[in-house]
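**Student:** A single structure is presented below for examination.
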Amino acid sequence: MIEGGSEMYRVEDTMTRIVNNAGENDAVIFSTPTGIFAGIRNEPYMQLRQISTRDIDMERIARVNSLSRQFAEHKITLSQLHTALAHLDNNIPYFPMWMQILGAAVLSALLMVIFTQQYDWYDIPLAGVAGAVGFAVAVYVRHLAKIKFVSELTGSLALALTALLGVRLGLGHNIDNILIGAVMPLVPGVAITNSIRDLLAGHLLTGMARGMEAILTASAIGFGIAVVISMG
């Protein structure tokens with residue numbers, strides 16, 4: 001769930017419910033974006049699991065919630081739950097890449113209209129193309145280099161170059177409107193929302209850490225666009 005971008009209070013609540021339904025009523029669980037501590041009160045054993053990768057994957061979170069509910073309703077046993085979770089971890093369902101890129105293009109074009117309140121039919125297609133290019137580059141770099149924020153930086157560079165080139169070729173009119181829509185697939189909106197929800201739920205350490213991560217991601221996106229615009 002943490003790897004999928006879930007809030008910490010949801011992670012701890014799900015783990016506590018699983019432990020309670022397994023027959024232990026005194027679980028001690030502490031989670032952060034980079035690790036989980038779990039144990040039983042007054043017992044000498046504790047487990048620590050490091051979280052090395054984090055992304056936004058609502059499908060994974062939904063499936064883990066579904067499995068935990070099935071276990072709570074005694075539809076599956078503890079061993080079956082463990083097997084199902086292990087299988088989910090190794091076989092995460094994803095939409096095909098072409099569909100994700102197409103979705104990024106549609107999202108960019110529609111959000112450009114929503115945010116700018118302008119129906120410029122020259123800018124809408126270019127915003128979709130720039131958003132698709134930026135998203136595709138970001139995904140490719142994310143798989144190629146495991147360094148955080150590099151994918152967002154290169155993706156923003158790619159979409160800004162695409163938008164600038166399109167305007168220079170006469171395929172678009174207003175580069176500001178195009179960039180507003182094209183950048184949306186890269187914006188860490190879920191991370192910012194989860195950061196605020198964690199802060200409101202009392203998870204101050206996690207909320208501040210995720211908030212800073214979202215700010216750095218947004219800064220990387222803004223830096224990439226600013227570099228291209230300043231050169232153009």
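The values are calculated or read from the model by the stated rules, or taken from the named source; none is laboratory data. Small disclaimer: the values here were computed from a predicted structure and weren't measured. Ideal geometry is used to build each Cβ from the backbone, glycine not excepted, and the neighbour counts take in all protein chains shown.
**Student:** Being assigned to a helix (DSSP H, G or I) and either touching a Pro at 6+ places or on another chain (Cβ under 9 Å) or surrounded by 11 or more Cβ atoms within 10 Å (Cβ to Cβ) (or both) is the filter here, so list the residues in segment 89-103 that pass it. Explain how you work it out, then say what you get.
**Tutor:** Of the residues in segment 89-103, the ones assigned to a helix (DSSP H, G or I) are 89-90, 97-103.
Passing the criteria: Asp89, Met97, Gln100, Ile101, Leu102, Gly103.
**Student:** Taking the condition under 25 Å from Ile114 (Cβ atoms) and of a type in the set (Asp, Glu), does Asp198 pass?
**Tutor:** Working: under 25 Å from Ile114 (Cβ atoms): no; of a type in the set (Asp, Glu): yes.
When the stated conditions are applied, Asp198 does not pass them.
**Student:** Among the residues of segment 55-81, which ones are surrounded by fewer than 14 Cβ atoms within 10 Å (Cβ to Cβ) and over 16 Å from Asn20 (Cβ atoms)?
**Tutor:** Correct list: Asp55, Met58, Glu59, Ala62, Ser66, Lys75, Ser79, Gln80.
**Student:** I would also like to ask the following. Check Ser68 against each of (1) closer than 14 Å to Val11 by Cβ; (2) touching a residue at least 60 places away in the same chain (Cβ under 8 Å) and name the one condition it does not meet.
**Tutor:** For Ser68, the exception is condition (2).
**Student:** Any idea how many residues of segment 181-232 are of a type in the set (A, V, I, L, M, F, W, C), in contact (Cβ under 8 Å) with a residue 40 or more places away in the chain, more than 17 Å from Glu152 (Cβ to Cβ) and assigned to a helix (DSSP H, G or I)?
**Tutor:** As a first pass, look at segment 181-232 and keep what is of a type in the set (A, V, I, L, M, F, W, C): 182-184, 186-187, 190-192, 196, 199-201, 204-205, 208-209, 212, 214-216, 218, 220-221, 223, 225-229, 231.
Filter again for in contact (Cβ under 8 Å) with a residue 40 or more places away in the chain, leaving 182-184, 186, 190-191, 201, 205, 209, 216, 220-221, 223, 225, 227-229.
When the remaining residues are screened for being more than 17 Å from Glu152 (Cβ to Cβ), the result is 201, 205, 209.
From what is left, the residues that are assigned to a helix (DSSP H, G or I) are 205, 209.
Of the residues in that region, 2 qualify.
**Student:** Does segment 206-222 contain any residue that is more than 30 Å from Arg10 (Cα to Cα) and either surrounded by fewer than 19 Cβ atoms within 10 Å (Cβ to Cβ) or assigned by TED's automatic domain parsing to the domain that holds Ser151 (or both)?
**Tutor:** To start, the set of residues in segment 206-222 that are more than 30 Å from Arg10 (Cα to Cα) comprises 222.
Restricting the remaining residues to those that are either surrounded by fewer than 19 Cβ atoms within 10 Å (Cβ to Cβ) or assigned by TED's automatic domain parsing to the domain that holds Ser151 (or both) gives 222.
Within segment 206-222, one or more residues are more than 30 Å from Arg10 (Cα to Cα) and either surrounded by fewer than 19 Cβ atoms within 10 Å (Cβ to Cβ) or assigned by TED's automatic domain parsing to the domain that holds Ser151 (or both).
**Student:** Another question, if that's okay. Kindly evaluate Leu110 against the criterion of being assigned by TED's automatic domain parsing to the domain that holds Ile225, within 30 Å of Thr34 (Cβ to Cβ) and modelled with pLDDT of 85 or more.
**Tutor:** Values: assigned by TED's automatic domain parsing to the domain that holds Ile225: yes; within 30 Å of Thr34 (Cβ to Cβ): no; modelled with pLDDT of 85 or more: yes.
Against the criterion (assigned by TED's automatic domain parsing to the domain that holds Ile225, within 30 Å of Thr34 (Cβ to Cβ) and modelled with pLDDT of 85 or more), Leu110 does not qualify.
**Student:** I'm trying to understand the selection: among the residues of segment 126-176, which are under 20 Å from the mean Cα position of the chain (by Cα), in a helix (DSSP H, G or I) and either surrounded by fewer than 17 Cβ atoms within 10 Å (Cβ to Cβ) or not assigned by TED's automatic domain parsing to the domain that holds Val113 (or both)?
**Tutor:** Tyr140, His143, Leu144, Val150
**Student:** If I go through segment 15-45 residue by residue, how many of them are among the charged types (D, E, K, R) and surrounded by 13 or more Cβ atoms within 10 Å (Cβ to Cβ)?
**Tutor:** Of all residues in segment 15-45, those among the charged types (D, E, K, R) come to 17, 24, 26, 41, 43.
Next cut, surrounded by 13 or more Cβ atoms within 10 Å (Cβ to Cβ) only: 17, 24.
Residues flagged as among the charged types (D, E, K, R) and surrounded by 13 or more Cβ atoms within 10 Å (Cβ to Cβ) within segment 15-45 amount to 2.
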